[in-house]
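Everything below concerns the one structure shown next.
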C-alpha cells in the first residue's frame, strides 16, 4: 500500500524521534488495518512517525515512534524488552548514515520491498524525494512482528525499528 502524505514534512531530525508505549491513538495521516492469527493491528502513519495498535482478547497496547514536541521524550533505545498489557514485547532500533548515492538507492529498494509486502504500507511526502515512513507486519513465530523505517534525506539517515509481541 502506498499513501501520499498530504502534510508538511516536519519531523526532520532522526535524533528528535521518541519512543512511547501506551499512548492513546493518534489521528493518522494513513491507516492500514491488518489481522494476523486472530490479532488485529492498526498500522498508522503519523507523518515521519508511526504508531502501531495491537488489539487482542488479552489486551490492547500501542507503540509510537514520533517527534511529539510536548512532554518528556524517551530516546529510541537500541534494545528493550518488557511486559506490556499482557504481551511480552521486544523493541530494537538502529540509526544509519548513508552517503547521498547509497541513501537514494537504499530508499528505492526499501519502498519497492515494502509496497510488495502483503502487510506493508509506505507513506511519502509530495515534493520531498526519499522522505518516507514505511511499516511491514507479519506473523512472527508464536507472535506478531513489525518493522518500520523512517528516512531523513536532508541528513542521509534511516531509522529502522523491529518490534515483536507474543
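Just so you know, all these numbers are worked out from the coordinates, no wet-lab data involved. All of these numbers come straight from a predicted model, not from anything done at the bench. All Cβ positions, even for glycine, are placed from backbone atoms using ideal geometry, and neighbour counts span all protein chains on display.
For the chain, take the longest principal axis of its alpha carbons; what is the angle in degrees between that and the long axis of helix 100-116, to the nearest 10 within 0 to 90?
40 degrees
Provide the packing ranking of 128-141, 29-42, 55-68, 78-91, i.e. peptides ordered by the mean count of other C-beta atoms within 10 Å per residue, highest first.
By packing density, highest mean first, the sequence is 128-141, 55-68, 29-42, 78-91.
Within the stretch 110-127, whose backbone N sits under 20 Å from a point 7 Å along Cα→Cβ of residue 95?
Under cut-off, by backbone N: nothing.
Between residue 113 and residue 21, with labels modelled 7 Å along Cα→Cβ, what's the label distance in nm to one decimal, could you check?
2.6 nm
Counting alpha carbon pairs within less than 8 Å and at least 6 residues apart, what relative contact order, in whole percent, applies to the stretch 12-166?
Across the stretch 12-166, relative contact order equals 22 percent.
Computed from the coordinates I sent, mean projected area of the Cα convex hull in nm² equals one of [x] 9.0; [y] 9.8; [z] 10.6. Tell me the label.
[x]
Of all DSSP beta bridges in the stretch 2-165, what percent run antiparallel (nearest 5)?
95 percent
Starting from the Cα gyration tensor of the stretch 38-92, take the square roots of the eigenvalues, sort them a ≥ b ≥ c, and report rounded, prolate or oblate (rounded when a/c is under 1.5, otherwise prolate if a/b is larger than b/c, else oblate).
Taking the square roots of the gyration eigenvalues as a ≥ b ≥ c, the stretch 38-92 is oblate.
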